[in-house]
Amino acid sequence: MRELDVIIAQYQELKSQGIRCVLATVVHVDGSSYRRAGARMLVDEFGTIIGAISGGCLEGDALRKALFALDRQENKLVTYDTSDEDDAVIGAQLGCNGIIQVLFEPINYTDENNPCELLRTVAEQEVPMAVSVVFDLDKSQQQLGTCLVSDENQIISGRQLPEELQQALLVKSKETIKLDNSCFAELKIEKKVYFAFIQLHQPPVKLILVGAGNDAQILAQQADLLGWKVTVTDGRPTHANKKRFVGSCQVIVTKPEETLKNINIDQRTCFVLMSHNYNYDLEVLKLLLGNAETPYIGILGPLKKYNRMLNELADEDIEVSKEDLAKIHAPVGLEIGAETPAEIGLAILAEIQSVLTNKGARPLKQKTEPIHDVTENQFQKITL
C-alpha cells in the first residue's frame with residue numbers, strides 16, 4: 001500500500017476505537033533531508049507511529065512534540081535544524097544539512113474536514129489532486145494546517161477560510177496540477193502573510209500485465225508493494241485467477257483483441273506485454289498503437305522478437321508513429337544484470353518509474369547537482 005493509504009487506514013481504525021491521534025507533516029525543507037515536504041506520520045496517544053517524516057532521526061523527538069500538541073489540542077510548527085551536528089535532541093552526525101519544518105495537527109474526529117478526512121478524499125480520487133497546508137513561520141501565530149483539497153477545476157473539500165485566501169490557494173492548486181509539481185507560496189493578503197505548501201497528489205500508477213505466467217506473479221507482488229494498482233489479463237483461466245494473484249490485483253480472463261474493453265487508460269497506465277505468446281502480445285500491441293494516453297509499453301523478450309513485430313506490422317500496413325516508438329520499451333527493463341524473475345521485475349519497475357518521473361535512471365553519484373531540485377524549496381511570493 002502507499003504510505004498515504006496506510007496512514008488513512010490507521011486513522012480509520014483509531015477513529016473507530018476513539019483513540020486520539022496527531023498528524024505530523026513536513027511542510028518545508030531548506031537544504032537536504034531524508035524525506036521531502038509532504039512526508040507524513042500519524043501518532044496515536046499511546047505513542048504508536050505510522051508513516052515517517054525522516055529516516056528515523058527525527059521520529060523520537062517528533063513523538064514527544066506530537067503528544068505535546070495532542071495534550072494542548074492545537075496545531076504546532078516545529079523546526080529541526082539537521083545541519084547542527086552538535087544538536088543532541090535529534091542526534092549528531094546526520095549529514096543532511098537541512099532545516100525541516102514539521103507541522104503537528106491533533107485530529108478532531110467530529111470535524112468532517114479534519115486533515116485525515118481531507119487526505120482520505122485525495123486517496124479516493126483517480127485524478128491529480130492538490131492539498132493545501134497553510135502554516136506560519138512565526139510560531140506564536142495560529143497554524144491553519146491542512147485545509148483545502150482541489151482538482152484542476154475546483155475545490156473538492158476543505159475548511160472555512162477567508163475568501164481571498166481560499167481563492168489564492170485555489171489558483172496555486174490549479175497551477176500545481178498543471179505544472180505537475182508541488183510548490184511553496186508566500187501569500188500576502190492585505191496585511192496578513194500566509195505560508196502554504198501546495199502538494200501535488202498523483203493517483204497510483206496502474207500497471208497492466210498482459211500475461212499471467214509465474215514471472216507476472218512476482219512482478220504483480222512487487223508492484224503491489226509500491227502501492228500500484230495491478231491488473232493481469234490473460235486468455236488462460238488456469239493462469240489468470242485469484243488463487244495465483246492475491247491481494248488487490250485485478251484479474252481478467254480475456255481474448256487478446258478484447259484486452260482493453262475493461263481497462264480505463266490514463267496518463268499513469270503502463271503496460272507490460274509478457275504472455276510468452278508472440279501472437280497474443282502482438283495483438284495487444286496493435287490495440288495500444290495510437291493511444292495517446294499510456295506513457296509506457298514494455299515488451300518482454302529479446303530484440304529480435306520486437307523487430308519481428310515491427311516487420312509484421314509493416315507487412316500489414318500498420319504504421320508505428322514516432323510517438324509510439326518512443327513509448328515502447330523492448331526489450332523491457334533497465335540493464336542491471338537481471339537474471340531471475342524477481343530481478344527482471346525490479347528492472348521493469350525501475351524503468352517505469354524513470355519514465356513516469358522523466359528521470360535518466362543514472363547512478364546518483366554521477367550527479368553534480370543536488371538530488372532534489374533546489375528551486376522546490378523556494379517560496380513564490382504573491383501579493384493580493
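The values are calculated or read from the model by the stated rules, or taken from the named source; none is laboratory data. Quick caveat: nothing in here was measured; it's all calculated off a predicted structure. Cβ coordinates were reconstructed from backbone atoms using ideal geometry, including for glycine residues, and neighbour counts include every protein chain displayed. The protein model used for the area step is the full one, side chains on, heavy atoms only, and it has no ligands, DNA or RNA in it. Shrake-Rupley method; radii C 1.70, N 1.55, O 1.52, S 1.80 Å.
Couple of notes before you dig in:
- Assuming charge only on the beta carbon of Lys and Arg (+1) and of Asp and Glu (-1), the dipole of the chain about its Cα centre is about 340 debye to the nearest 20.
- Between Thr121, Gly247, Asn108, the Cα set farthest toward the positive side of the dipole of the chain (charges on each charged residue's Cβ, about the Cα centre) is that of Gly247.
- Spacing of the two label points (7 Å from each Cα toward its C-beta) at Glu175 and Leu325, in nm: 3.9
- Too-long pairs where the Cα-Cα distance tops 28 Å, listed order kept, from Lys15/Lys206; Lys243/Lys327; Lys139/Lys191; Lys261/Lys327: Lys15/Lys206; Lys243/Lys327
- Tensor-based shape of region 157-265 (alpha-carbon gyration tensor, a/c under 1.5 rounded, otherwise prolate or oblate): prolate
- Here semi-axes √(5λ) of the Cα gyration tensor in Å was calculated from the structure, and among [x] 43, 22, 22; [y] 34, 25, 21; [z] 31, 27, 20 it sits at label [x].
- When only alpha carbons are used to place a centre, region 5-43 and region 162-226 end up 16 Å from one another.
- Solvent-accessible area assigned to carbon and sulfur over region 128-266 amounts to 49 percent, based on a 1.4 Å probe.
- Extension gain, Gln267 to Gln380: 0.36 nm times the residue separation minus the Cα-Cα distance gives 37.9 nm.
- Choice from Asp224, Asp315, Asp136 with maximal GNM fluctuation in the chain (Cα, 10 Å cutoff): Asp315
- Legend: calculated FRET efficiency, Glu45 to Arg362, from the Cβ-Cβ distance at R0 = 51 Å, rounded to 0.05, equals 0.65.
- Along the axis of the charge dipole computed for the chain (Cβ charges of +1 for Lys and Arg, -1 for Asp and Glu, origin at the Cα centre), the listed residues Gln142, Ala196, Ala24 are led at the positive end by Ala24.
- Sites Arg308 and Ile156, calculated FRET efficiency, Cβ-Cβ separation with R0 41 Å, nearest 0.05: 0.25
- Taking the Cα centre of region 248-295 as origin and assigning +1 to Lys and Arg Cβ atoms and -1 to Asp and Glu Cβ atoms, the resulting dipole is close to 60 debye.
- The helix-based estimate of mean residue ellipticity at 222 nm for the chain, built from -39,500 (n - 2.57) per DSSP H run of four or more residues and divided by its residue count, is -9500 deg cm²/dmol to the nearest 500.
- For Val134, neighbours were defined as the other residues whose beta-carbon sits under 12 Å from its Cβ, and their charges (Lys and Arg +1, Asp and Glu -1) total 0.
- Protein-only accessible surface order, largest first, of His28, His239 at 1.4 Å: His239, His28
- Per residue value of the accessible surface for region 201-339 (all protein chains in place, 1.4 Å probe), Å²: 50
- Within the same chain, aspartates and glutamates fewer than 8 places from Lys255 are excluded, and of the rest, those with a Cα less than 13 Å from its Cα are Asp234, Asp281, Glu283.
- Of the whole protein surface, Val320 contributes about 30 Å² of accessible area at a 1.4 Å probe radius.
- Within the shell of other residues whose beta carbon sits under 10 angstrom from the beta carbon of Ile19, the net charge comes to -1, with Lys and Arg scored +1 and Asp and Glu -1.
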